[in-house]
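Below: one structure, written as structure tokens.
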Amino acid sequence: MDPQQMKEAYQRLEALDDRLSYKVRPKKHSMVQPSPDQINAHLNDLADFSLELKEILRDFMLSFAKKPPQAG
């Protein structure tokens, strides 16, 4: 396991959460229908979130497959 890579993946996950989670959470039910531009913007945010999350998860899993760097 490579603890440094795991730590970096965790920090990226936290940054992603801070940056985009509020944008992709479901909105409260509203009587107003979103415009096509609003739907497109939401889909773009969701796509960005999903792709970055996939990269972070891959790095996290790879951290388990690697041997830690030797000290000294």
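The values are calculated or read from the model by the stated rules, or taken from the named source; none is laboratory data. For clarity, every value in this text was computed on a predicted model and none was experimentally measured. Cβ sites come from the backbone with ideal geometry, for glycine too, and all protein chains shown count toward neighbours. Note: areas computed on protein heavy atoms with side chains; ligands, DNA, RNA excluded. Shrake-Rupley method; radii C 1.70, N 1.55, O 1.52, S 1.80 Å.
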Hey, any idea what the orientation-averaged projected area of the convex hull of the chain's Cα atoms comes to, in nm²?
5.8
Highest GNM mean-square fluctuation among 18, 37, 45, for the chain with Cα springs under 10 Å, belongs to 37
On a 0 to 90 degree scale, rounded to 10, what angle separates helix 3-24 from the longest Cα axis of the chain?
0
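Looking at this model, which pairs from 27/54; 7/67; 7/54; 23/67 are more than 26 angstrom apart at the alpha-carbon?
On the way: 27/54 23 Å; 7/67 15 Å; 7/54 16 Å; 23/67 37 Å.
23/67, as the Cα separations exceed 26 Å there.
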Among 19-31, 48-60, the order from most to least packed when residues are scored by Cβ within 10 Å on average:
48-60, 19-31
Of all accessible heavy-atom area on the chain, the percent that carbon and sulfur account for (1.4 Å)
60
Accessible surface, per residue, of the chain when the full set of protein chains is kept, probe 1.4 Å, Å²:
84
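Dipole magnitude of the chain about its Cα centre, charges +1 at Lys/Arg Cβ and -1 at Asp/Glu Cβ only, in debye to the nearest 20? Numbers along the way, then the final one.
Numbers: 11 positive and 11 negative charges, 40 e Å.
Using only the charged Cβ atoms, the result is roughly 200 debye.
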